[in-house]
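Where a number appears in this text, it was derived from the coordinates with a stated rule and is not lab data. Quantities reported herein were computed from a predicted structural model and do not represent experimental measurements. Note that each Cβ is placed from the backbone with ideal geometry, even for glycine, and that neighbours are counted across all protein chains shown.
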Amino acid sequence: MENNPNPRSFKDPTYRIGKLATANKPPVSVYPQTVLQEAITIMLANDVSQIAVMASERDVRGMVSWKSIGSRLALGYNCKIVNDCIDRHYEVSADDSLFQAIRLIARHGYVLVRDSTKRICGIVTVYDLSQQFGQFVEPFLLIGEIENYIRHLIDGKFTADELASIKDPSDTRREINGVLDLTFGEYVRLLENPRGWIKLELQIDRKIFVKHLDEVRRIRNDVMHFDPKGIAEDDLNVLRRFVQFFQQLNEIDRGSSSNSLPLKESS
C-alpha cells in the first residue's frame, strides 16, 4: 500500500502547559545580589507572591517569596540581599502536560516554564490555574443550567409519544421516554412548532426564544468538541445572557400566584 503523499495533519491533542498565556510571558525576576528592599518593592508593585532569582534568562538560582522572606526574618536572619532569602525553584518544560504539572503547582504555588531553547519563558501560578479552569468550566455550567431550565419548562407538558415524535426517524437505536432523553436539537424542534410552544404557556415570543435556543445549541456543539483555547467571548456572553433570561423568568414565576405565565404567540 502506497503512502499518502499528503497525509492529514492533526493538531497536538495534549493540553500542554506551554499553551497557557502566562507560560509565554517572561516572569518578573531579580538578581541574587539585588537588595531585598528593592525585591519587596517589585513584588508589591507587580502584585505577585514570588519572583524568580535569575543570573540570566536561562540560569535560575531560585525563588524569593513572601514565605521565604517571612520565615527567615522570623528565625532572626539578617536578610540584606535576595540571596539571603532564596528558596529552591520548581520548573517544568513547556511541552509538559498541564495536568501533569497541576500537582506541582498546587504543592508549591507556581512553576517556572522552560522552553525548547532552555530559556525561562513564563510562570504559572495557582491563580493562573484557577482562571484557566474557570474559563474551561463556565461554558459547561452555563449550558447545563440552560438545559435544566428547558427541561423544567417541558416536563409534564408533553406525552411520551409527543416527545418521541420529534426524534429523527433514522435514529433507530435511541428511545425517547421522557424529557431527559431529548437532545438539544430536539428541544429546538419541539418548541419551534407552534403546537408544542403553546403548551408552555409563556408570555414571550416563540420565534425569538427559539432563535436564541438554536444559538445555544450551536455553541454547545462547539463546547463539546473542546477547543483548548476555549470558546469565543461573544459565545460565552450569549450563554450568560440566556441564563440570566431564564433566571428572570424563574423569579417572575415564583412571584406569580399560578405556576405559569400566559402565552403570547408570535405570528
#### Entry: Two-site label geometry, residue 25 and residue 71: point separation in nm, points 7 Å out along Cα→Cβ
2.7
### Query
So which chymotrypsin sites (Phe, Trp or Tyr not before Pro) in region 16-94 pass both tests, a DSSP loop state and at most 10 other Cβ atoms within 10 Å of the Cβ?
none
### Query
According to the square roots a ≥ b ≥ c of the eigenvalues of the Cα gyration tensor, what is the shape class of region 53-109, taking rounded for a/c under 1.5, prolate for a/b larger than b/c otherwise, and oblate for the remainder?
oblate
### Query
Straight-line reach from residue 80: which aspartates and glutamates have a Cα under 16 Å away, not including same-chain ones fewer than 8 places off?
38
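Just to confirm the filter: which trypsin sites (Lys or Arg not before Pro) across region 135-233 are DSSP coil and have at most 13 other Cβ within 10 angstrom of their Cβ?
173, 174, 229
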#### Entry: Formal net charge of residues neighbouring residue 104 (Cβ-Cβ distance under 10 Å; K, R +1; D, E -1)
0
### Task
Select from 71, 100, 126 the residue farthest towards the positive end of the dipole of region 67-138; place +1 on Cβ of Lys and Arg, -1 on Cβ of Asp and Glu, and compute about the Cα centre.
71
### Query
Residue by residue, what Karplus-based ³J(HN,Hα) values in Hz, rounded to whole numbers, does region 65-72 have, using 6.51, -1.76 and 1.60 with θ = phi - 60° and x for Gly and Pro?
9, 4, 5, 5, 5, x, 5, 6
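At 0.36 nm per residue, minus the direct Cα-Cα distance, what do residue 183 and residue 159 gain on full extension? Give it in nm, one decimal, please.
Separation in residues times 0.36 nm, less the Cα-Cα distance, equals 7.0 nm.
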### Task
Tell me what the chain gives for mean residue ellipticity at 222 nm when only DSSP H runs of n ≥ 4 count, each as -39,500 (n - 2.57), the sum divided by the residue total, rounded to 500 deg cm²/dmol.
-14500 deg cm²/dmol
### Query
In terms of the Cα gyration tensor, with a ≥ b ≥ c the square roots of its eigenvalues, is region 114-259 rounded because a/c is under 1.5, prolate because a/b exceeds b/c, or oblate?
prolate
## Note on the structure
If every Lys and Arg gets +1 and every Asp and Glu gets -1 at its Cβ, then about the Cα centre the chain yields a dipole, in debye to the nearest 20, of 640
### Query
Roughly how tilted is helix 126-154, in degrees to the nearest 10 and between 0 and 90, from the longest Cα axis of the chain?
10
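Return one quarter of the surface area of the convex hull spanned by the alpha-carbon atoms of the chain, equal to its mean projected area, in nm².
On the way: hull surface 96.0 nm².
Its average projected convex-hull area is 24.0 nm².
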### Task
May I ask you to evaluate 6.51 cos²θ - 1.76 cosθ + 1.60, the Karplus curve with θ = phi - 60°, for each residue of region 206-213 and list the ³J(HN,Hα) values in order in whole Hz, giving x for glycine and proline?
4, 5, 5, 4, 5, 4, 5, 5
### Query
residue 116 to residue 212: extension gain in nm, 0.36 nm per residue of separation minus the Cα-Cα distance?
30.0 nm
### Query
Cβ under 14 Å from residue 167's Cβ, residue 167 left aside: what net charge do those residues give with Lys, Arg +1 and Asp, Glu -1?
-4
### Query
Sequence-distant or interchain residues sharing an amide H contact under 5 Å with residue 25, placed H: which?
123
#### Entry: Cα shape, region 1-159, gyration tensor, a/c 1.5 rule
oblate
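Where both partners of a DSSP beta bridge lie in the chain, what percent of those bridges are antiparallel, to the nearest 5?
Around 70 percent of the beta bridges assigned by DSSP in the chain are antiparallel ones.
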### Query
For residue 14 and residue 88 in the same chain, what is the full-extension length gain: residue separation times 0.36 nm, less their Cα-Cα distance, in nm?
23.8 nm
### Vicinal HN-Hα couplings computed from phi for region 113-123 (Karplus, 6.51 cos²θ - 1.76 cosθ + 1.60; Hz; Gly/Pro x)
10, 10, 8, 5, 9, 6, 8, 6, 9, x, 9
### Query
Roughly how many nanometres apart are two label points built 7 Å out from the Cα toward the Cβ at residue 41 and residue 55?
2.6
### Task
Scan around residue 62 for amide H atoms under 5 Å from its own, H built in the peptide plane at 1.01 Å from N, and keep only partners 5 or more places away or cross-chain.
53
#### Entry: Label-point separation in nm, residue 174 to residue 107, each point 7 Å along Cα→Cβ
4.4
### Query
To the nearest 10 degrees, how steeply does helix 36-46 sit against the main Cα axis of the chain, on a 0 to 90 scale?
20
